[in-house]
Amino acid sequence: MPTPNEILTELRKIRYPGLSRDIVSFGMVKDIEVAQRGVTVMLSAPTTKPEVIERIVEEVKRSVSAIEGVPAVEVNVERAPTPRSAAALPRQPIPGVKRVLAVASGKGGVGKSTVAVNLALAIASLGRKVGLMDADVYGPSVAMMVGADERVRITEARRIVPLERFGIRYVSMALFVDEETAIIWRGPMVTKLESEFLFNVEWGDLDCLVLDLPPGTGDAQLTITQRVALDGGIIVTTPQEIALLDVRRGIAMFREVGVPVLGVVENLSYHLCRKCGARHEIFAHGGGARLAGELGVPFLGELPIVRELREGGDHARPLVAIDPENSMSIRMREIAAQALAAMKV
Ligand SMILES: Nc1ncnc2c1ncn2[C@@H]1O[C@H](COP(=O)(O)OP(=O)(O)OP(=O)(O)O)[C@@H](O)[C@H]1O
Ligand SMILES: [Mg+2]
């Protein structure tokens, strides 16, 4: 008979459908019992979708019965509360904050932070009170985009006072943790702290808080989406096929945790290689719109390559705030209006 640990090793090979994460790290495996008559695996299901659970149960049965010496396998599924009702536990609303909007991307460098910053500014320009949180400690580009270099004040009650920039409130854990420390802490620790950090900010009354999630759809993103009560997710992509593949993952991630996908934004029609600086030209247009249609989520629009957008980002002069009549700024306001309407705020 195998040990529970050996069984766990096998279970780690089973991917959660639609996510780049296995069922063990997802926290689905609650217990493994090895007895004479066979192996019992206790799963907790984070979703109510029966077909997903069924698929996982099948895979667990197949994988455990393939281990030598296992006479029989039983899989018990304990239904976890659905993500929405689970909000009562660690998944909390942020006091004073009406809506939380997360900007995600399947991969890095697609302009997620650029979209998050300019979208936050566009929402503010529509007369809403807006906060912006950079949840990407490893690539804190938002700080540069909004020019956040001062020290953050802490109140007597040990709450964090966000910085004010261009009429929005901004905070990032990167203002407290240098890059080196963040790298040492890498992984779950940072994300866990980060979601707690988010609740310790003196946001005041906000109509909308925009979260710039770290790129990808792995553990870090999931942790945040599981802990913070999100009202909507936006996925930023570029038009090339490879990026579009990740859009599926992004949508799957939000859907798994019960967060409405507000839509897909297609940014840039070329890929700028971050290592060699080469510009790989021009990919077929319209992939984002097609895919959004296919997956049943709104398409929020295409954003062109605008040099001022990059320059603005590099010099803490975000385009929407600096040049509100620029075509990109107009686009951003349209996207902002759609997002607000979808979140009813
Ligand atoms: N539409 C655009 N036109 C021109 N430049 C852009 C556009 N969108 C983003 N950029 C530039 O591309 C670079 C990458 O953008 P950004 O930092 O927003 O991407 P990201 O997805 O947040 O990346 P990371 O994975 O590093 O967090 C930046 O220099 C940004 O100014
Ligand atoms: Mg970024």
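The values are calculated or read from the model by the stated rules, or taken from the named source; none is laboratory data. Since this is a predicted model, take the numbers as computed values, not measurements. Note: ideal-geometry Cβ built from the backbone for every residue, glycine included; neighbour counts use all protein chains shown. Keep in mind that these areas ignore ligands, DNA and RNA; they rest on the heavy atoms of the full protein, side chains included. Shrake-Rupley method; radii C 1.70, N 1.55, O 1.52, S 1.80 Å.
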How many residues of region 298-309 are outside any strand (DSSP E or B) and without any contact (Cβ under 8 Å) to a residue 60 or more places away in the chain? The answer is 6
All conditions in (1) modelled with pLDDT of 90 or more; (2) part of a loop (DSSP other than H, G, I, E, B); (3) over 23 Å from the mean Cα position of the chain (by Cα) are true of Trp203 except (3)
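Listed here are the residues, each with its yes/no results for (1) within 16 Å of ligand 2 (Cβ to nearest atom); (2) surrounded by fewer than 18 Cβ atoms within 10 Å (Cβ to Cβ); (3) at pLDDT below 90; (4) over 28 Å from Gln338 (Cβ atoms).
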{"residue": "Ala124", "(1), (2), (3), (4)": "no, no, no, no"}
{"residue": "Val177", "(1), (2), (3), (4)": "no, no, yes, yes"}
{"residue": "Ile184", "(1), (2), (3), (4)": "no, yes, yes, yes"}
{"residue": "Asp212", "(1), (2), (3), (4)": "yes, no, no, no"}
Of the residues in region 247-268, those that are among the charged types (D, E, K, R) and farther than 14 Å from Val52 by Cβ come to Arg248, Arg249, Glu266
Cβ pairs under 6 Å, 6+ apart or interchain, first in region 50-78 and part of a loop (DSSP other than H, G, I, E, B), second basic (Lys, Arg) and open to solvent by 70 Å² or more (accessible area, probe 1.4 Å), ordered by first then second residue, are none
Of (1) at pLDDT 80 or above; (2) out of contact with any strand residue (DSSP E or B) (no Cβ under 6 Å at 6 or more places or on another chain); (3) among the hydroxyl-bearing types (Ser, Thr, Tyr), Ser85 satisfies every one except (1)
Note on region 117-175: residues in contact with a Leu (Cβ under 9 Å, 6 or more places away or on another chain) and either in a helix (DSSP H, G or I) or not assigned by TED's automatic domain parsing to the domain that holds Asn200 (or both) are Val117, Asn118, Leu119, Ala120, Leu121, Ile123, Val142, Ala143, Val146, Met173, Leu175
Those residues of region 99-128 which are on the phi > 0 side of the Ramachandran plot and near ligand 1 (Cβ under 6 Å from one of its atoms) amount to Gly109, Gly111
